[in-house]
1. For segment 59-133, build the charge dipole from Cβ charges (+1 Lys, Arg; -1 Asp, Glu) around the Cα centre, then report which of Thr72, Ser91, Ile127 sits farthest towards its positive end.
2. Given a 1.4 angstrom probe, what's the average accessible area per residue across the chain, in square angstrom?
3. Distance check, please: which entries in Lys74/Lys100; Lys43/Lys101; Lys49/Lys101; Lys11/Lys101 exceed 28 angstrom between their Cα atoms?
4. So how much accessible area does Val19 have, in Å² to the nearest 10, using a 1.4 Å probe?
5. Helices from the chain with mean Kyte-Doolittle at least 0.5 and a Cα length along the axis of 24 Å or more, per DSSP H: which?
6. Considering only protein heavy atoms and a probe of 1.4 Å, how much of the accessible area of the chain is carbon and sulfur, as a whole percent?
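The values are calculated or read from the model by the stated rules, or taken from the named source; none is laboratory data. Treat the numbers as computed from the prediction; the structure is a model and nothing was measured. Cβ placement follows ideal geometry from the backbone for every residue including glycine, while neighbour counts extend to all protein chains displayed. Protein only, heavy atoms only, side chains kept; ligands, DNA and RNA dropped before computing areas. Shrake-Rupley method; radii C 1.70, N 1.55, O 1.52, S 1.80 Å.
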Amino acid sequence: MEIKIKNTQNKLEQINPLVLAFVGDSVHTLFVRENVINEDVQKLNDYNKSCNFLCRAKTQSKVLDKLEPMLTDKEKEIVRRTRNTKNHHTSKNANLVDYKKATCFEALVGYLYLNRDRKRLEEILQISIEERK
């Protein structure tokens, strides 16, 4: 399934970074779930624990820290724009720094997904699931 942006006059770079994060959150969660169900786990609760660990703000924050040295200039720009966007939402389970970094990570994933850069998206998503190993 592919998301098609209705208003093609809006360039991807002009989309609110929090919208990119909204999309990226879903893409990352689905990727994590697909990988977790391929493990030899029998209990649904164990799947849930693995997914929750990989999708929480603290883990995504660490992933962004690991990714930053290898980001392209365009990807760095997406992260910078997201970091500078006012977000009136806060997390009850993460500190502000981890929450903002996690939002930047999700926006990057959303951008790559909507930009249809599947190779780079796969590379970044693979790095994101290495955090549990």
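1. Ser91
2. Heavy-atom SASA per residue in the chain reads 64 Å².
3. The answer is Lys43/Lys101.
4. Surface open to solvent at Val19 totals about 70 Å².
5. Going by DSSP H runs, the hits are 17-37, 96-114.
6. In the chain, the share of accessible area belonging to carbon and sulfur is 50 percent.
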